[in-house]
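First the structure, in the form of structure tokens, and then the observations on it.
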Amino acid sequence: MTKLRISWIAVCASLLAALLNIAAVTAQEPATGGDDVQRRAAIRFFTGGDFPPFHYYDDEGVLTGFDVDLARAICLEVSAVCDIRARPWDDLLPALRRREADAIIASQAITPQALMQADFTDRYYYTPAWFAGQRGAIKLETTPEKLEGKKIAVAKGTAHEAYLRAFFPGASIQAFETPTQAREALMMRATDLVFDDGIGLVFWINGTQSKECCELVGGPFYDPKYFGDGIGIAVGKSDGSLKALINQALRRVRETGRYEELMLRYFPNRLY
């Protein structure tokens with residue numbers, strides 16, 4: 001087995017642990033809603049269309065992904081018709097406020113800012129932040145002291161930039177307009193590290209765009225203040241009945257093993 005494949009196994013183990021961390025937390029949370037929750041004939045879900053493997057269009061132009069199939073599983077559990085449509089990311093929560101959708105399932109982090117616009121169901125996974133560096137380079141310890149003076153690329157105006165400026169003030173922070181530009185800077189060796197969403201980095205590192213240039217370093221980093229308190233399904237602030245119904249369905253999806261099946265489908269053996 002090559003060094004690259006061994007590294008990939010370690011990366012996937014960390015990624016799956018991050019995603020499945022929700023199971024232990026959910027088990028400790030009090031149940032919300034019971035068998036007498038108000039039923040719905042249909043649930044209108046909005047999602048994104050450009051964040052594989054969570055929500056994206058496949059080669060045949062069909063909307064698919066982990067979030068999309070989880071929405072379908074929820075509808076199946078509550079015997080509701082599923083209407084799932086894609087919208088631009090910036091319009092998802094505004095569309096919910098305009099009542100054009102009943103719920104948003106788009107890997108939306110539960111942040112203080114998001115909670116001002118919507119209510120959220122129980123978390124269905126967590127997403128960490130992570131550093132990535134050049135493959136084969138000297139391993140850097142990802143502490144504020146060890147990264148003092150190091151160049152770190154990050155997307156401008158993101159929670160990741162705010163986190164770096166708060167906890168790594170001695171680093172040379174390079175803010176780029178987009179995460180793609182920050183990652184390209186790492187590829188070109190114009191920076192020592194990039195700091196970004198861990199799940200996105202995993203798929204970039206092991207995809208074709210990175211050209212096998214890089215690997216995860218240190219981490220993962222969890223901080224609800226910056227990266228959200230897990231990932232949930234957004235519902236209207238006044239729609240407590242739908243929240244209870246979806247929470248009930250999420251528990252059933254876990255109990256029946258459907259959640260694990262979806263995990264294996266979108267984070268399958270090919271990762272190993």
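The values are calculated or read from the model by the stated rules, or taken from the named source; none is laboratory data. All figures in this text were calculated on a predicted structure; none of them were measured in a lab. Counting neighbours? That spans all protein chains shown, and the Cβs are built from the backbone with ideal geometry, glycine included.
Quick notes on this structure:
- Of all residues assigned to region 224-237, none qualifies as being within 21 Å of Ala71 (Cβ to Cβ), in contact with a Cys (Cβ under 9 Å, 6 or more places away or on another chain) and not β-branched (Val, Ile, Thr).
- When residues of region 40-71 are limited to those that are surrounded by fewer than 17 Cβ atoms within 10 Å (Cβ to Cβ) and under 18 Å from Arg99 (Cα atoms), the one nearest to the chain's Cα centre (by Cα): Ala42
- Taking the listed residues Ile105, Ile74, the one that is crowded, with 19+ Cβ neighbours inside 10 Å, among the hydrophobic types (A, V, I, L, M, F, W, C) and not in a helix (DSSP H, G or I) is Ile105, with no other qualifying.
- Asp229, sole failed condition from (1) in contact with an Asp or Glu (Cβ under 9 Å, 6 or more places away or on another chain); (2) within 30 Å of Ala42 (Cβ to Cβ): (1)
- Gly170 meets each of the listed conditions (1) out of contact with any helix residue (DSSP H, G or I) (no Cβ under 8 Å at 6 or more places or on another chain); (2) modelled with pLDDT of 95 or more; (3) under 17 Å from Pro128 (Cβ atoms); (4) surrounded by fewer than 19 Cβ atoms within 10 Å (Cβ to Cβ) apart from (3).
- For region 111-143, taking the residues that are aliphatic (A, V, I, L, M) and surrounded by fewer than 20 Cβ atoms within 10 Å (Cβ to Cβ), the one that is nearest to the chain's Cα centre (by Cα) is identified as Ala114.
- Scanning region 208-251 for residues that are among the basic types (Lys, Arg) and buried (at least 16 other Cβ atoms within 10 Å of the Cβ) gives Lys243, Arg251.
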